[in-house]
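Each remark here refers to the structure printed beneath this line.
The values are calculated or read from the model by the stated rules, or taken from the named source; none is laboratory data. Just so it is clear, the model here is predicted, and its values are computed rather than measured. All Cβ positions, glycine included, derive from the backbone under ideal geometry; neighbour counts span all protein chains shown.
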Amino acid sequence: MSIRRLPEHLVNRIAAGEVVERPASALKELVENAIDAGATRITVRLAGGGIERIEVIDDGCGMAAAEMALALERHATSKLPTDDIEHVATLGFRGEALPSIASVAQLTLESRVRGAEGWSLVVDNGARIAEGPAALPPGTRVLVEQLFGRVPARRKFLRSTRAEYAASLDVVKRLAMARPDIAFSVEHDGRRVLGVQGGESRPARVAALTDRALQENSVAIDFEREGMVLGGVAGLPTFNRGVADHQYLFVNGRPVKDRLLVGAVRGAYAEMLARDRHPVVALFLDVAPELVDVNVHPAKTEVRFRDPALARGLIVSGLRRALDEAGHRSVQRPSEAALGHWQPGSVPLSPSSSAEGVGWGSVSPRPTLDLESLHHSSSSQQEGLKRYSGAVRDSGTFFASPPQARAEPARHEAPLATDFPLGVARGQVAKTYIVAEAEDGLVLVDQHAAHERLVLERMRRAMAGGAVPSQALLLAEVVELDEPGCDRLEARAEELRAFGLELERFGPRAMLVRAVPAALGTGDVQGLVTDLADELASFDEALSLKERLDHVASTMACHGSVRAGRILSVAEMNALLREMEVTPHSGQCNHGRPTWVKLAHGDIEKLFGRK
């Protein structure tokens, strides 16, 4: 078969396939052009999810008639003033968006430079059909109609109108999040669905586009390392979602969906969230242009770092430091909906009740808490700490007693609720929940979830003290993998040895495992090594083993913690509260659920109709 040159219209359609996959990708290119044009207000109007109509209006610098004609030619751009492609300061620069869209839809381009007359060009699936003067304010208006209308092979693969609309809205949200200085509005089928004003702060813009409650349940990120700067907001582990759609990542103001960055976020939250839950984050990474390649994907949704380990480490360290500084913070109060379900009700009296008082004699006796222990001397408090520590040792864990840096001072009077952030224990409900009185309200603590987190954090500190102890296998186990997987494991053998995993090459397609981390036991060695090889392929970081250790440590902490249904003394309850106040991440259990909630005084007053 002889070689031939493709016709121009087919070349344009092939180029469009690289840039324009669906309405959302066309919309992304148009909004990015508006941002690069210096717009302060961008209006988006959609019809039929963007399949029938996409309209983008901005108040940017606009284009003259000659520039408009050139903008519809392939590889023509105003965003590379020199040939230095490594120092791109704009969102787009390939010069393919407008001609690619115009080759698969009817495109109307209208623009006006300040102080000049406006001009209009109409292109129908690659053929210019009209041009002439246009009346419009300074800026640019782009109208795209019937996307893929004459390319049925492409149009039939589009998803439903609802799905295409959701993807288009997500594109605008991400770009609006990156530029809080610009006002954005979106209409769909004549209904306004999004509107944000320009000049907002970054946290306010992120909250407006995600969840208003994020501002109260997040920490600010401000971290720098070796010329890389990380900013943004990160939701508390208790403020999580069932899907990862609420993770917004930006590199030099460019929204990206990069596996390296997503893996770094997952690693930072690894021991604070269940595997089926995902954090809410908006992270902005600023790096020197020469340290990142934004030209590795036609749609510019992926990037490549010169030092990927530095970028990944920056995100993990920045997130963990900010979450550590959050201390024992949690979702501290029930939602208004939850409070609304608390309705007053009558209290049934037992048959033995009399005029002299309410009779509770018919209630079966149950163990009670010795609340008078709060009035005992400090020796009683120390005894409670010993009992609390003994409970930890008896449950099978082998770590030291809880820290007593915040133990209650030696005095004879009862400790005051104002002395401690989580207050003072006043009792126990259902043998599961500790009731404490704080200065600003009532604190309810899930004793099992809270102690589970405390035990896990002690285990983590023990593992951080040195190399993880290993356990030699009586018979070395052979794990068969593909050759690239074996190559990756062999290259990281020394690093994995520090984690307690000793392995060596055993032929082209197998690894010989001689020892495993002692904490893992001799369970599924095959699964461990296989998963580790896959993780190295995905992220090029030996973190899967650490995540596995954290998972096992979490399981051990769960079995070694104070169980629900156990009656605690007041001294033990206070000891638990004090350790929570000095332990990182104690606001959520190992699965991301809150360990405590607070009913503020105002909430209690609402429940009783006082407010």
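The set of residues in segment 19-66 being under 17 Å from residue 185 (Cα atoms), assigned to a loop (DSSP other than H, G, I, E, B) and of a type outside the set (A, V, I, L, M, F, W, C) consists of 38, 40, 59, 60.
For residue 90, the conditions (1) at pLDDT 85 or above; (2) of a type in the set (S, T, N, Q); (3) touching a helix residue (DSSP H, G or I) at 6+ places or on another chain (Cβ under 6 Å) all hold with the exception of (1).
A residue that is touching a strand residue (DSSP E or B) at 6+ places or on another chain (Cβ under 9 Å) and over 25 Å from residue 273 (Cα atoms) occurs nowhere in segment 445-461. Sub-6 Å Cβ pairs linking a first residue in segment 443-457 that is farther than 10 Å from residue 432 by Cα and touching a residue at least 40 places away in the same chain (Cβ under 8 Å) to a second residue that is assigned to a helix (DSSP H, G or I) and not charged (D, E, K, R), at least 6 apart or interchain, are 450/580; 452/557; 452/558; 455/557; 456/553; 456/554; 456/557, ordered by first then second residue.
Summed over segment 119-153, the residues that are within 20 Å of residue 44 (Cβ to Cβ) and either part of a strand (DSSP E or B) or among the hydrophobic types (A, V, I, L, M, F, W, C) (or both) give a count of 12.
Here is the figure for segment 497-541: residues that are over 28 Å from the mean Cα position of the chain (by Cα), modelled with pLDDT of 75 or more and among the hydrophobic types (A, V, I, L, M, F, W, C) total 10.
Pairs meeting the criteria (first residue in segment 51-69 and modelled with pLDDT under 95, second residue acidic (Asp, Glu) and surrounded by fewer than 16 Cβ atoms within 10 Å (Cβ to Cβ), beta carbons under 9 Å, at least 6 apart or on different chains) are 65/117; 65/131; 68/131; 69/131. Residue count for segment 568-585 under the criterion of being modelled with pLDDT of 80 or more, more than 19 Å from residue 430 (Cα to Cα) and out of contact with any Asp or Glu (no Cβ under 6 Å at 6 or more places or on another chain): the result is 6.
If you go through segment 122-149 and keep only what is more than 40 Å from the chain's Cα centre (by Cα) and either of a type in the set (Ser, Thr, Tyr) or surrounded by 15 or more Cβ atoms within 10 Å (Cβ to Cβ) (or both), you end up with 122, 123, 124, 125, 126, 131, 134, 136. What are the residues in segment 265-285 that are within 10 Å of the chain's Cα centre (by Cα), surrounded by 21 or more Cβ atoms within 10 Å (Cβ to Cβ) and touching a residue at least 40 places away in the same chain (Cβ under 8 Å), if any? Within segment 265-285, 265, 268, 269, 279, 280, 281, 282, 283 qualify. For segment 1-18, give me each residue that is modelled with pLDDT of 70 or more and among the aliphatic types (A, V, I, L, M). 3 - this is the single residue of segment 1-18 that is modelled with pLDDT of 70 or more and among the aliphatic types (A, V, I, L, M). Only one of the numbered conditions (1) over 12 Å from residue 450 (Cα atoms); (2) at pLDDT below 65 is not met by residue 562, and that is (1).
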